[in-house]
Amino acid sequence: MSASLTNSAVAMQPGQGYEISITRTFDAPRELVWKAWTDPAMAKEWMGPRGFTPTEFTTSDQPGGQWHLTMVGQRPGSDQPVKLGQGGTVLEVRPPELLKYTFGWDSRASVGLADGPKENVVTVRFEEQGGKTVMHFHQAPFATESERDGHNGGWNSAFDCFAEFMLRVQPERKAAADEVPSELHLRRFFAAPRQMVFDAWTKPELVREWWGPKGFTNPVCEMDARGGGAILIHMRGPDGTVYPMTGRFVEFYPPYRFHFTSGPVDKEGRQILETWTSVFFEERDGGTEVIVDVHVTKSTPAAAFALKGMREGWNQMLDRLAEFVKAGIRE
C-alpha cells in the first residue's frame, strides 16, 4: 500500500496554544475511508494507537450529536492495563469529505486518567486523488507542548493501524513492484524472549552485528538508548562505500517500545532523508512479535536511491536480525 505522510506539530500564535496537522494518503477509495471512520463496526477495528483495543464506539451523523470511544490497553512502558474514554460533540458532517467534532478525555469512562476532559477541535478532510484518499487531519488547541506531542504520537500510531486495516479489507490491492514507498508497516516473529530482542535493537555492540542490508557492516555504531539520546551509525557497503546515518531516540520505554528519527547524511553532514520509526515488542506464543512502522518525514532529490530500496533494505535487515537472534539462542 502506498501511503504518504506529512506531519506538523507546531505552536500557534502566542497565547493560542499548540496544534497538530497530519496528512496521510491511503490506497483506498474515499467512500471506503469515510465508512471506516464513521461506521462503528469498522471504526472499532482500527481506532486507537498500537497496544490499545477499542471496546465501544458510538457516533452521530448529525451536528449536535455525540460521539464516544472506549479503549483498553497498556500504559506506556508498562504491563499495567489501562482503560480510557474520549468523546465530544459532532460539529459538522459532509459525507464523504468532512468531519468536524470536539475532542476531550472522559475521566468518568477512564481508569488512570486523573483530570477531566480538556476539549479541543478535530477537523478531518478527505480528498479523492486517483482512486486513493488524501486525509488532512488537524487538532487544536493544546495547552502544552508535551500534551500536543502525546496526541501527535497517538494519532499517527492509530493511522498506522488504519493503513493496515485498509489492506485487510482490500486484499486485492497490492503495491506495484516499482512503487517507491513513503511508509512501511512490517511484522516479524522471533522465537526469543522480549528482553533479548529489545537488547538486540538498542545495545550498540549488538546492533552493529545486524544493522543494514545483506553484506553491510557497521564500523561505527553509537547509540544513547534513552529519550533524546543520539544515534550515529556508519554503514559500509560490500564495495567499501560508507553511508553515515544520524538520528535520535524520541521516546524510549524498555522493553515495550521506542520511537526514533534517522536518516543518511551527505558529505557535508546534512540529512538527505529523514524517517520517523516506531518499534513495538509484544510477547506472543513464547516469543516476541516486533512491529516496525517507518514514515518518511523529509526527503531531497538525493534520497531517490535510498527511498527506492527502503522496503527491500528493511526486510533484509530483519532477516539479518532473525539470524543474529537465532545464533544467540544456540550459544
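Asp239 meets the conditions (1) without any contact (Cβ under 8 Å) to a residue 60 or more places away in the chain; (2) in a helix (DSSP H, G or I) in every case but one. The failed one is (2). Check whether at least one residue in the stretch 302-317 is within 14 Å of the chain's Cα centre (by Cα) and either part of a helix (DSSP H, G or I) or buried (at least 18 other Cβ atoms within 10 Å of the Cβ) (or both), and report yes or no. No, every residue in the stretch 302-317 fails to be within 14 Å of the chain's Cα centre (by Cα) and either part of a helix (DSSP H, G or I) or buried (at least 18 other Cβ atoms within 10 Å of the Cβ) (or both).
Within the stretch 36-55, track down each residue that is of a type in the set (Val, Ile, Thr) and in contact (Cβ under 8 Å) with a residue 40 or more places away in the chain. Matches in the stretch 36-55: Thr38 only. Take the residues in the stretch 1-47 that are modelled with pLDDT of 95 or more and within 14 Å of the chain's Cα centre (by Cα); name whichever of them is nearest to His185 (Cα to Cα). Checking each candidate, the answer is Trp46.
Taking residues in the stretch 248-263 that are closer than 15 Å to Arg50 by Cβ and modelled with pLDDT of 90 or more, and partners anywhere that are assigned to a strand (DSSP E or B) and hydroxyl-bearing (Ser, Thr, Tyr), the pairs with Cβ atoms closer than 6 Å and at least 6 places apart or on different chains are His259/Ser278.
Residues in the stretch 89-118 that are at pLDDT below 95 and surrounded by 15 or more Cβ atoms within 10 Å (Cβ to Cβ): Gly104, Trp105, Asp106, Ser107, Ala109, Ser110, Leu113, Pro117. On the basis of being surrounded by fewer than 16 Cβ atoms within 10 Å (Cβ to Cβ), free of Cβ contacts under 8 Å to residues at least 40 places away in the same chain, in the same structural domain as Tyr101 (by TED's automatic domain parsing) and under 23 Å from the mean Cα position of the chain (by Cα), does Thr58 make the cut? No: the conditions fail for Thr58.
The values are calculated or read from the model by the stated rules, or taken from the named source; none is laboratory data. Treat the numbers as computed from the prediction; the structure is a model and nothing was measured. As a convention, Cβ positions derive from the backbone with ideal geometry for all residues, glycine included, and neighbour counts pool all protein chains shown.
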